[in-house]
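Comments concern the structure below.
The values are calculated or read from the model by the stated rules, or taken from the named source; none is laboratory data. Predicted model only: the values in this text are computed from it and were never measured. Cβ sites come from the backbone with ideal geometry, for glycine too, and all protein chains shown count toward neighbours.
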Amino acid sequence: MSRHILFERRGHAGIITLNRPEALNAHTHEMAVAMHRQLEEWALDDDVALVIVRGAGERAFCAGGDIRALREVCTDDPATCRRFYWDEYRLIALIHDYPKPYVALMHGHVMGGGAGLSVHASHRVAAENLSFAMPECSIGLFPDVGASWFLPRLPGRLGMYMGLTGQRIGPEDARRAGIVDVIVPYAAFDGIIEELAETDEIAAVLGHHARRAGQGSLHMLAPLIDTVFGRDSVDEIIQDLSNNDGKWAQQALKALKRNAPTSLKVTFEELRRGASLSFPDCMRMEYRLACRMATAHDFAEGIRARIIDKDGMPRWNPARLEDVEGDLVEAMFASVDEELVLDEDM
């Protein structure tokens, strides 16, 4: 068992702790495989009535995948890179269809891969310090781990806004959007775990600790988000934002301009397609995208500029949105030699 992910039985609860607090509990391939194996065992164990997942430390539930390590693997060993995404996406599909209650206790940073481990839960519990985002376009990738399923199903065009800009939202906005179900104090997490280990009344326990959710910061912007991010292309979205000198519009425009042009166009198409796909087909689509984009230039360059050198000056290729041709985007969605196989296919 990896020391980076801990499994415990307490009462009738199976408890998973993501245990890399020094790395904001970044998810690794080893952790994904171990978690999948344990969830399968608990699904068949009559003494386990529910599963709880949490992150160690005060700063994060999970800030995403270990992208430093993934960059090295995807650059040097594409086959191993594809294996990571194969195992990761099969884990996400298992969580999405898990036969027992799966309670995600979300606090601090919840981004990328961390969203995949939590948003698909049957019960999604947010602390008051939640900071949720899907920032993949800023590192040359695309929102994955089931984001092609859940982002298009958020109210209005909020999912398109979040996917393209990578902007963070707090617990109130996440609650209004349906990303989380209830907000509780972070200090209550330990007590919630103890109570859930002894009772089947999950709703009652969470309701007891819940606090009233505020309106958040995006509800007043919903009509504008729906209009701008409901356009027919990324180019039109950028044009609309460029014509609006409001603070929100300029922040969104700045976010789009720092992201990889190819990622923006692929993400736009991914979320457009995902809106009408089943969850399994969304995961298969994401796997095709990952096989290509994770081994491409922009991902390695995005990690270099954002994480390694931290110069904030990625050299995207293509460098301009207008140079990302439709044929290039379409090719990203084409079938791969070995398609993702989910449990339902077996």
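Please determine whether any residue of the stretch 217-235 is within 19 Å of SER335 (Cα to Cα), at pLDDT 95 or above and either part of a helix (DSSP H, G or I) or not hydroxyl-bearing (Ser, Thr, Tyr) (or both).
no
What number of residues in the stretch 274-293 are in a loop (DSSP other than H, G, I, E, B) and of a type in the set (Gly, Ala, Ser)?
So the answer is 3.
Considering only the stretch 130-140, state which residues are touching a helix residue (DSSP H, G or I) at 6+ places or on another chain (Cβ under 6 Å) and not aliphatic (A, V, I, L, M).
Hits for the stretch 130-140 are PHE132, CYS137, GLY140.
Since ALA334 meets every condition but one in (1) under 19 Å from GLY274 (Cα atoms); (2) surrounded by 12 or more Cβ atoms within 10 Å (Cβ to Cβ); (3) not acidic (Asp, Glu), which condition does it not meet?
(2)
I need the full set of residues from the stretch 243-276 which are among the hydrophobic types (A, V, I, L, M, F, W, C), over 20 Å from the mean Cα position of the chain (by Cα) and closer than 18 Å to GLY312 by Cβ, in order please.
LEU253 - this is the single residue of the stretch 243-276 that is among the hydrophobic types (A, V, I, L, M, F, W, C), over 20 Å from the mean Cα position of the chain (by Cα) and closer than 18 Å to GLY312 by Cβ.
What number of residues within the stretch 228-238 satisfy the criterion of being surrounded by fewer than 16 Cβ atoms within 10 Å (Cβ to Cβ), out of contact with any Lys or Arg (no Cβ under 6 Å at 6 or more places or on another chain) and in contact (Cβ under 8 Å) with a residue 24 or more places away in the chain?
2
Are any residues in the stretch 289-329 surrounded by 11 or more Cβ atoms within 10 Å (Cβ to Cβ), free of Cβ contacts under 8 Å to residues at least 24 places away in the same chain and farther than 21 Å from ILE67 by Cα, and if so, which ones?
Listed by number, the list holds a single entry, GLU325.
Scanning for something hydroxyl-bearing (Ser, Thr, Tyr) and either assigned to a helix (DSSP H, G or I) or free of Cβ contacts under 8 Å to residues at least 60 places away in the same chain (or both), does the stretch 239-259 turn up at least one residue?
Yes: the stretch 239-259 contains one or more residues that are hydroxyl-bearing (Ser, Thr, Tyr) and either assigned to a helix (DSSP H, G or I) or free of Cβ contacts under 8 Å to residues at least 60 places away in the same chain (or both).
Could you tell me whether the stretch 240-248 includes any residue that is surrounded by fewer than 21 Cβ atoms within 10 Å (Cβ to Cβ), among the charged types (D, E, K, R), in contact with a Lys or Arg (Cβ under 7 Å, 6 or more places away or on another chain) and within 19 Å of PRO155 (Cβ to Cβ)?
no
Name the single residue that is nearest to LYS254 (Cα to Cα) among those in the stretch 294-332 being among the aliphatic types (A, V, I, L, M) and in a loop (DSSP other than H, G, I, E, B).
Result: MET313.
Tally the residues that are in contact with a strand residue (DSSP E or B) (Cβ under 6 Å, 6 or more places away or on another chain) and not β-branched (Val, Ile, Thr), restricting the search to the stretch 36-55.
5
Enumerate the helices (runs of 4 or more DSSP H) found wholly within the stretch 139-205, keeping only those where 2 or more residues are modelled with pLDDT of 95 or more and crowded, with 23+ Cβ neighbours inside 10 Å.
The qualifying helices (runs of 4 or more DSSP H) are 147-150, 158-165, 171-177.
GLU344 is checked against (1) farther than 23 Å from LEU256 by Cβ; (2) without any contact (Cβ under 8 Å) to a residue 40 or more places away in the chain; (3) assigned to a helix (DSSP H, G or I) and fails just one. What number does that condition carry?
(2)
Among the residues of the stretch 101-123, is any assigned to a strand (DSSP E or B), more than 29 Å from VAL234 (Cα to Cα), touching a Phe, Trp or Tyr at 6+ places or on another chain (Cβ under 6 Å) and of a type in the set (A, V, I, L, M)?
yes
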